[in-house]
Amino acid sequence: MPPSPTRSSRQLSTIVHASPFVMAQRLMDMALATQPPSGRDQREWNRMFSEKGSAAVEAWWAMVNAMWLAPMSSSAWTLWPNPWQYWTGLTHAGDRILGEGLKPVARTVSANRTRLTRRGSSRR
C-alpha cells in the first residue's frame, strides 16, 4: 500500500511549528551577543550557516533520488491505467518526492529547537 499523502503535511507542520522558535532564539542570541562575539556565539553562528547549506543539498539529493525511483514505485506510470489509478499514483509519487525533500529540513529544525531549548534554559 502506498504511503498516505499526509507525510509531507506532517513534515511541513513540524517545520512551521519549530522554525519560529529557532529564529527567535537565534535573533535573541545575536542581539545579546557581546562585542567581540564569544567563541560560543561564533561556533553557533558558523553552525547555523553551514547546516542550512548541508540540509538544502541533502534535501535536493533526496528529492532527485525519489524522482528517479518514482516510476518504479508508482502505479501512475503503468501503460493502461484507469484515470483514478493515474491521479492517485501521481499524488502519491509527488507526496513521496516532497516528503523526501522535507525530511532533512524537518529533522534539522527539530534538532535545533531541542538543542536551543536545552541551551537557553541552561543560560539563564
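The values are calculated or read from the model by the stated rules, or taken from the named source; none is laboratory data. The structure presented is a predicted model; accordingly, all values stated were derived computationally and were not measured. Every residue, glycine as well, gets a Cβ built from its backbone with ideal geometry; the counts of neighbours run over all protein chains shown. Only protein heavy atoms, including side chains, enter the accessible area calculation; ligands, DNA and RNA are left aside. Shrake-Rupley method; radii C 1.70, N 1.55, O 1.52, S 1.80 Å.
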>> Any residue at all in region 96-111 that's at pLDDT 90 or above, touching a Leu at 6+ places or on another chain (Cβ under 7 Å) and open to solvent by less than 70 Å² (accessible area, probe 1.4 Å)?
In response: yes
> Within the group Glu58, Glu44, which residue is over 16 Å from Arg115 (Cβ atoms) and modelled with pLDDT of 80 or more?
Replying inline: Glu58
>> Go through region 32-56 and report how many residues are in a helix (DSSP H, G or I) and either open to solvent by less than 80 Å² (accessible area, probe 1.4 Å) or in contact with a strand residue (DSSP E or B) (Cβ under 6 Å, 6 or more places away or on another chain) (or both).
In response: 11
> Are any residues in region 112-124 of a type outside the set (Ser, Thr, Tyr) and modelled with pLDDT under 65, and if so, which ones?
Replying inline: Arg123, Arg124
>> Filter region 15-31 down to the residues that are modelled with pLDDT under 90 and surrounded by 15 or more Cβ atoms within 10 Å (Cβ to Cβ) and list them by number.
In response: Arg26, Asp29
